[in-house]
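A short write-up of the structure that comes next.
None of the figures in this text is laboratory data; all of them are computed from the coordinates on show. Nothing here was measured: the structure is a model prediction, and the numbers come from that model. Note that we place each Cβ from the backbone using ideal geometry, even for glycine, and neighbour counts take in every protein chain shown.
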Amino acid sequence: MNISFDRAKQARLAAALAAVASLSWLPANGTAHAATARQAPRAQLAEGIVEGVKLQGQYKDVRVFRGIPYAAPPVDDFRFREPQRVARWAGVRGAKQFGPRCMQPNVAGKPDFRSTAMSEDCLYLNVWTPANSAGAKLPVLVFFHGGGFVSGDGSETRYDGAHLASRGIVAVTLNYRLGVFGFLAPSGVPGESSQEAAGNFGWLDQLAALRWVRQNIAQFGGDPSQVTIAGTSAGSVSVSAHMSSPLSRGLFARAVGQSGGAFAPQTLWTRAQSERAAAAFSARVGAASLRQLRSLPAQTLLAATAQPLRSEQPAMFEPSVDGYFLNESPEQVFARGGQSQVPLLLGSNERQQPPSTASEPGQGRRIMTLRERLERFRDQVDVKLAHYPGIDEVTQSTRRWMDLQRQTGQAPIFYYRYTHDLPREVRLDTGTVHPPVLGAAQDAQLAYSLGNPGSPDRSPWTAADYDVSRIFSSYLEQFVKTGNPNGAASAPGEPPEGNAGPRSTSSVPNWPALRVERQGVLRQVIGQNTHSVWDAGETPQQSDMSAISVASGVRLP
């Protein structure tokens, strides 16, 4: 009798301990007073327990988990293969430091990487959350970094998720394989995979991260049925690819594209092109087989990508229509209405390309931007610019994405043009001060939409900068939460010490969903004067200056 009673007590105790162990936030030291601010948060994942950090200062209510593995290290036999499952670990795994960034060349401008190393072992993600329990069911934003599929990292300060987390969103950034490691399609890979995957490994990494989010994000207070995917530049192209891929179907409820899409004039390679490039690259590095390619040091492969394979093909490797992740081009998928039917927020910057470039090889002639040509109108320049889509490939591909979604989509579209550029940048190493440029350049919208001001001693924000960020980040917040950018956004915090302020507390201008009428396409201009306009511009196929002059009613010199 006593033995039975003891066993019953032991069973109840074991059940209670199991229930405690399954909680999202576990005490750092196993004691009952774990709710104090000094104790590190923990989350129980499918593979094991991770321990993160509770932030201090402005975002003191935000918890961040850095460097969580979402797939096995893609090294040795896992190089040039679809991502594999993470092995379970015993005990508690630290998630306080960013994981290594993926293999990539050094890029100009020294991005603000917070990862301390570069490695082929790089498939890690980061989670910022305001939740203190697994039952919060908060909306989730998964952001794909840019960098032309050859550079970038989820640790960059401009992608930091603390600001959006402070506004009730679980934010996720991630690393994915780049360049030769992410998009080489060597022969022999399909034969070892039941899925026939070859190439597009970077996109398959993103897919693995989305599946990880579906399985684990509830442990951070996120709602797996309310996931928004977003990205800038190559990350935006990735969003359009996931909307087109049958493998990504059902893993997200909303989509955001900032500057770019997998649409004309930006096109994907065919599988045959990818295989020819892989054969040429293998010959360059002296690898006669997939095994030999896998045996070469990662730095050797990276160094071999320094020069293009052919002069007529400047890109070393590109995403492709591989027959697995993508069965047909996004153009074809969207044209027949086969894309994920989710609300879409997308747009581009006013000046996607640099203001100076060579019109002919070796000439170095300066090409004046359209904004500079229109600057004579001064007080009307923003209105005039809103009446045509621009002349660069990024703007045209974004517009093409919008136009196809408008024709075959079954969910609202919110279309924008961003016009406010970053403030001057002070180069600390040289003391050089770069003045502001006319028009919003590539990636200028990032800091404002995610609410991440630059360093106070490098790119000091003014009150106008904070107000633009208040508006844009409010639009993004509401879209992630509801699928509509309008609504009562969370009150923004005070600017960090050392930055100008205070922010304006005025209301956010209404942003109507896209519609087309005789006067053009309804579009939101986001900047110091945020407002809606009718975009009477030409179609993406018409991009010469005379057509723009006629469409906008402006006579250009």
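In sequence order, what are the phi-derived ³J(HN,Hα) couplings for the range 290-298 according to the Karplus relation 6.51 cos²θ - 1.76 cosθ + 1.60 with θ = phi - 60°, rounded to whole Hz, with x for glycine and proline?
Calculated HN-Hα couplings, in order: 4, 4, 5, 4, 6, 7, 6, x, 4 Hz.
Length gain on complete extension for the stretch D76 to Q292, per 0.36 nm per residue less the alpha carbon to alpha carbon distance? If you can, show how the numbers build up before the last one.
Details: separation 216, 0.36 × 216 = 77.76 nm, distance 1.05 nm.
So the extension gain works out to 76.7 nm.
Please list, in chain and number order, the residues 5+ apart from F144 or on another chain whose amide H is under 5 Å from its amide H, with Hs placed from the backbone.
Long-range HN contacts for F144: A230, G231, T232.
What ³J(HN,Hα) values, in whole Hz, does the Karplus curve 6.51 cos²θ - 1.76 cosθ + 1.60 give for the range 136-147 when θ = phi - 60°, with x put for Gly and Pro?
Karplus-based 3J(HN,Hα) across the range 136-147 equals 5, 6, 8, x, 10, 10, 10, 10, 8, 6, x, x Hz.
Applying the Karplus parametrisation 6.51 cos²θ - 1.76 cosθ + 1.60 with θ = phi - 60° to the phi angles of the range 408-418, what ³J(HN,Hα) value in whole Hz is obtained for each residue in order, glycine and proline being reported as x?
Each residue's phi maps through the Karplus curve to give 10, x, 10, 9, x, 10, 10, 10, 9, 10, 9 Hz.
Kindly rank 330-342, 241-253, 293-305 from highest to lowest mean number of other beta carbons found within 10 Å of each residue.
Working: 330-342: 18.8, 241-253: 20.7, 293-305: 15.8.
Put in order of decreasing packing, that is 241-253, 330-342, 293-305.
Arranged by the count of other C-beta atoms within 10 angstrom, fewest first, what order do E156, E328 take? Could the numbers behind the result be given before it?
Numbers: E156 21, E328 13.
So the ranking, lowest neighbour count to highest, is E328, E156.
If each of K137 and Q528 carries a label point 7 Å out from its Cα toward its Cβ, how far apart are those two points in nm?
Computed distance between label sites K137 and Q528 equals 4.5 nm.
Pull out the extension gain between A117 and A303, defined as 0.36 nm times the separation in residues minus the alpha carbon to alpha carbon distance; nm, one decimal.
Values: separation 186, 0.36 × 186 = 66.96 nm, distance 1.73 nm.
This chain segment gains 65.2 nm when fully extended.
Once amide H atoms are built 1.01 Å from N in the peptide plane, which residues 5 or more positions from F414, or in another chain, come under 5 Å H to H?
L344, L345, L346, L514
In percent, what relative contact order does the range 86-139 have, based on Cα pairs under 8 Å that are 6 or more apart in sequence?
Numbers: 37 pairs, mean separation 18.6, N = 54.
RCO, the range 86-139: 35 percent.
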